[in-house]
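Peer 1: Take this structure first; my questions come after.
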Amino acid sequence: MIEIYRKKAKHYDLISRLYSERPQRLRAVQALGLRAGDTVIDLGCGTGLNFPLIEEVIGADGRIVGVDLSDAMLARARDRIARHGWRNIRLVQADAVDFDFPTGVSGVLSTYALSQMPECAQIIAHGAAALANGGRWVVLDRKIPDAIPSWLARLGTATVRPFAAIDEWITRRPWESIRAAMQEEMSELSWTELSFGSAFLAVGSPGTDNSDALPDKSQLGEPRLTAGRAQ
Ligand SMILES: C[S@@+](CC[C@H](N)C(=O)[O-])C[C@H]1O[C@@H](n2cnc3c(N)ncnc32)[C@H](O)[C@@H]1O
């Protein structure tokens, strides 16, 4: 993974723009229901593309902890932080499964990263334990649309094949493990399929006593599990 992202880091932001990921990212950050002064963990933060969106809400009194395995991606994140002059972001180079989560955080976010982590269920449990009352766990990631044959999925992902272990990912079907682990750990979970089922947004809350105090609670939908489809 470290080698893969040493090759990808330089052009990562450009490719993200080509894939028009920003609206989905924005949606994921909004789903955290953050307020000024909040603390957010961004797991697999990469080059820090979520940071401006989070900073806009939490402001200088909030905190971001960005965790990533890749030295090259974190170097880009460090450049971004320096360019913006942010002083409230800590970067940690670590495998997310070994990361020692602080407790009482307002949100845990992972965009296009958790499905690359084989121990995603364990990581979801660690993240859930780190959340303050009313905090939210938000996962935005890719999946294979339901009901398409695996040969077609392989064809569809051919363009990224040189960079990622796509075959392993298709076979492992990590979105299913993520969904099961979120259901296990969260008392409230909304699951929305995006881009014709090629991505999903999962928003979970452990559903503790003061969750009503959070803004935009309606985004979480019905208790236990709701599912939706959006473009
Ligand atoms: C596709 S990039 C997504 C980056 C960023 N979240 C974004 O939305 O642009 C996936 C990131 O996950 C990181 N990653 C993969 N496996 C990881 C692991 N086990 N622990 C921490 N980071 C990991 C990679 O290094 C890479 O930066």
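Read the figures in this text as sums done on the coordinates, not as results from a lab. Since this is a predicted model, take the numbers as computed values, not measurements. Cβ placement follows ideal geometry from the backbone for every residue including glycine, while neighbour counts extend to all protein chains displayed.
Peer 1: Across bins of 5 angstrom width beginning at 0, how are the C-alpha pair distances of the stretch 6-67 distributed, in whole percent?
Peer 2: Pair shares across the bins are 4, 17, 27, 24, 15, 9, 4, 0.
Peer 1: Calculate how large, on average over all directions, the projected area of the Cα convex hull of the stretch 41-84 is; give the answer in nm² to one decimal.
Peer 2: 2.7
Peer 1: DSSP beta bridges in the stretch 2-219, what fraction antiparallel, as a percent rounded to 5?
Peer 2: Of those bridges, close to 40 percent are antiparallel.
Peer 1: Write down the radius of gyration of the stretch 1-141 and its Dmax, each obtained from C-alpha positions, in Å.
Peer 2: Computed over the Cα atoms of the stretch 1-141, radius of gyration and Dmax are 13.8, 40 Å.
Peer 1: Something else about it: Taking the Cβ of Ser177 as the centre, find all other residues whose Cβ is under 13 Å away and add up their charges (Lys, Arg: +1; Asp, Glu: -1).
Peer 2: Summing Lys/Arg as +1 and Asp/Glu as -1 gives -1.
Peer 1: Right, next: Testing the spin-label approximation: label points 7 Å from Cα along Cα→Cβ at Gln93 and Glu56. State their distance in nm.
Peer 2: Spacing of the two 7 Å Cα→Cβ label points: 3.1 nm.
Peer 1: So, one more: Taking the Cα-to-Cβ direction at Thr103 and at Arg78 and moving 7 Å from each Cα, how far apart do the two end points lie in nm?
Peer 2: About 3.2 nm, to one decimal.
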